[in-house]
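Structure incoming, see below.
The values are calculated or read from the model by the stated rules, or taken from the named source; none is laboratory data. Being a predicted model, the structure only gives us computed values, none of them experimental. A quick note on method: Cβ atoms are made from the backbone with ideal geometry, for glycine too, and the neighbour counts reach across all protein chains shown.
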Amino acid sequence: MTATSQPAIEVAGVSRWYGNVVAVNDVTFSVQPGVTGLLGPNGAGKSTLLHMMAGFLRPSSGEVRILGESTWGRPDLYRRVGIVLEREAVYGGLTGYESVRVNARLHGLDNPHEAAMRAIELVDLGAAKDRRTGTYSKGMKQRIKIAAALVHDPAVLLLDEPFNGADPRQRLHLMDLLRQMAREGRAVMFSSHILEEMERLGDGVLVIVAGRLAASGDFRAIRRLMTDRPHEFLVESSDNRVLAQALLGDTAVSGASIEGDRLTVRTDDFTRFTEQLPRIAQAARVTVIGLSPLDESLESVFEYLVSR
């Protein structure tokens, strides 16, 4: 696998419709090497978008390029791309080793046995490699699919719900594996309905709502740009009551409440509040010990975008 200077994935003005139903509507973005999460509710168009990236669906308009080449009608591109679909599709009569080795042979690798063993060890299935995949749990089937997708050392990975059925230990192992692949210069695009996984793993996020790209980038930066929705902060200080009273005199603060030793501040102007807080605290002779956003999780971003 060799790194490239061009975007790993480019989606340019892409739409896909089925009769009168628009599944993806004029989506444009580019992805560099690293881990990028694809987030959206059921029916938002995530799988359709991934299928177009994988070259399984032809865009109704626009173009999808991977490593500078159009994905539609280019089966040779699969030499450089690894794909894991959400559907639980494995050949139950083959062992895990046989399943991965078949993929290695299809890619024309010089040593399919060695490549298969390496990929199986990467997903921590060495102990079960000689069992038929029909006896595997859902999480094991997902991991053997990932091994088959990695066997040819692709530069780009497209993964649809890659952690489905995996237990917590397996999830952590796969997340470490994908992070390592990104560090080695690969581009990893994955979808997940589990927001914690997206938040912990993705370098960036693409939010798809009703077939459109609602937001892209670092989810914390996206949240800060939402100036038309109030933000909440937990403030720790040497005197919460005095600080709350002082803050309520500023136009950026729309509310403040004290519960025990917790001071929660609500603001309609993120930038002004973060700029004014140190000045207001200093004028009130209060020391600010800590400042934590209460609504900066990926879940809060997602809920806001869906409700717009």
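With 301, 286 as the choices, which residue is touching a helix residue (DSSP H, G or I) at 6+ places or on another chain (Cβ under 6 Å) and either in a helix (DSSP H, G or I) or of a type in the set (Ser, Thr, Tyr) (or both)?
Result: 301 is the single residue among 301, 286 that is touching a helix residue (DSSP H, G or I) at 6+ places or on another chain (Cβ under 6 Å) and either in a helix (DSSP H, G or I) or of a type in the set (Ser, Thr, Tyr) (or both).
Further question: Can you spot a residue in region 195-207 that is crowded, with 21+ Cβ neighbours inside 10 Å, part of a strand (DSSP E or B) and not assigned by TED's automatic domain parsing to the domain that holds residue 161?
no
Out of everything in region 2-61 that is more than 16 Å from the chain's Cα centre (by Cα) and among the charged types (D, E, K, R), what residue ends up being farthest from residue 78 (Cα to Cα)?
Result: 26.
Out of curiosity, is residue 199 under 17 Å from residue 84 (Cα atoms) and in contact (Cβ under 8 Å) with a residue 40 or more places away in the chain?
no
Further question: Looking only at region 150-173, which residues are in contact with a Gly (Cβ under 6 Å, 6 or more places away or on another chain), aliphatic (A, V, I, L, M) and in a loop (DSSP other than H, G, I, E, B)?
Within region 150-173, just 166 meets the criteria.
Give just the number: which of (1) in contact (Cβ under 8 Å) with a residue 40 or more places away in the chain; (2) assigned to a helix (DSSP H, G or I); (3) over 21 Å from the mean Cα position of the chain (by Cα) does residue 147 not satisfy?
Unmet for residue 147, out of (1) in contact (Cβ under 8 Å) with a residue 40 or more places away in the chain; (2) assigned to a helix (DSSP H, G or I); (3) over 21 Å from the mean Cα position of the chain (by Cα): (3).
Let me ask something else about it. Suppose we filter 183, 171, 131 for residues that are assigned by TED's automatic domain parsing to the domain that holds residue 55 and crowded, with 16+ Cβ neighbours inside 10 Å; which single one remains?
It is 171.
Quick check: is even one residue across region 160-178 closer than 23 Å to residue 6 by Cα and more than 15 Å from the chain's Cα centre (by Cα)?
no
Hand me the list of strands (runs of 3 or more DSSP E) wholly inside region 1-97 holding 2 or more residues that are surrounded by fewer than 16 Cβ atoms within 10 Å (Cβ to Cβ) and either free of Cβ contacts under 8 Å to residues at least 12 places away in the same chain or in the same structural domain as residue 131 (by TED's automatic domain parsing) (or both).
Once the strands (runs of 3 or more DSSP E) in region 1-97 are filtered for at least 2 residues that are surrounded by fewer than 16 Cβ atoms within 10 Å (Cβ to Cβ) and either free of Cβ contacts under 8 Å to residues at least 12 places away in the same chain or in the same structural domain as residue 131 (by TED's automatic domain parsing) (or both), what remains is 9-18, 21-31, 61-66.
Residue by residue, here is whether (1) in contact with a strand residue (DSSP E or B) (Cβ under 8 Å, 6 or more places away or on another chain); (2) modelled with pLDDT under 90; (3) not aromatic (Phe, Trp, Tyr) holds:
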position	(1), (2), (3)
170	no, yes, yes
181	yes, no, yes
184	no, no, yes
189	yes, no, yes
198	yes, yes, yes
208	yes, yes, yes
215	yes, yes, yes
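Yes/no per residue for (1) surrounded by 16 or more Cβ atoms within 10 Å (Cβ to Cβ); (2) without any contact (Cβ under 8 Å) to a residue 60 or more places away in the chain; (3) among the hydrophobic types (A, V, I, L, M, F, W, C):
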| position | (1), (2), (3) |
| --- | --- |
| 247 | yes, yes, yes |
| 257 | no, yes, no |
| 267 | yes, yes, no |
| 284 | yes, yes, yes |
